[in-house]
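Below: one structure, written as structure tokens.
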Amino acid sequence: MADNQKDIKMPIRVNFQSEIIHANNEREQVSFNTVGQYYIKGQSEYIVFAEELERQEKVHCFYKINNQEVRLKRSGDIKMSQSFRAGETTEGSYHGAGAIFQFETETNKVILMKDPNKNRGSLQLDYKLKIQDDITGQYLITINFEEE
């Protein structure tokens, strides 16, 4: 993982962890390990992997990291578009499981840490999700990745 402008692509192992604190203060945790790709193209970095959801086909996740913004696109049984910018509220959309809706993301933190000497890194997102002005929960996402 170089910080220069050269295009780079490498297979990675991914450890995905999320903690959701719902509006009723119930906590939900999800974690899984998978494989994917990390690549740099131009000014952007990408973390790409497939998420396996219960009773559904794989959902492909594309995290595009550019400056202080992360964009998430999910495709498959779930189609979703979401942006994260620390200290800002952004709009997103969801289509899946018989539901279609718009939502807002209030992002508290976006942190990307990399160790180019060991070809590994971590992306952390801390945000609140709002649907029709109601906060549905606080989300803490950590994606650890390492060259395979």
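Since every read-out is calculated from the coordinates, none of them should be taken as a lab result. Please read all numbers here as calculations on a predicted model, not as lab measurements. Note that each Cβ is placed from the backbone with ideal geometry, even for glycine, and that neighbours are counted across all protein chains shown.
Just a few scattered comments:
- Counting every pair of alpha carbons in the chain, the share spaced more than 22 Å apart comes to 40 percent.
- Least to most buried among Asp126, Asp7, Asp115, Asp77 (fewest other Cβ within 10 Å first): Asp7, Asp115, Asp77, Asp126
- Global geometry of region 65-107, whether rounded, prolate or oblate, following the gyration tensor of its Cα atoms and the 1.5 cut on a/c: oblate
- Fluctuation leader among Glu104, Glu51, Glu28 - the chain, Gaussian network, Cα springs under 10 angstrom: Glu28
- With 32 Å as the limit on Cα-Cα distance, the pairs of Lys58/Lys130; Lys6/Lys128; Lys9/Lys130 that go past it are Lys6/Lys128; Lys9/Lys130.
- The chain, relative contact order in percent, only Cα pairs under 8 angstrom and at least six apart counted: 21
- Among beta bridges from DSSP that stay inside region 16-90, the antiparallel ones total about 100%.
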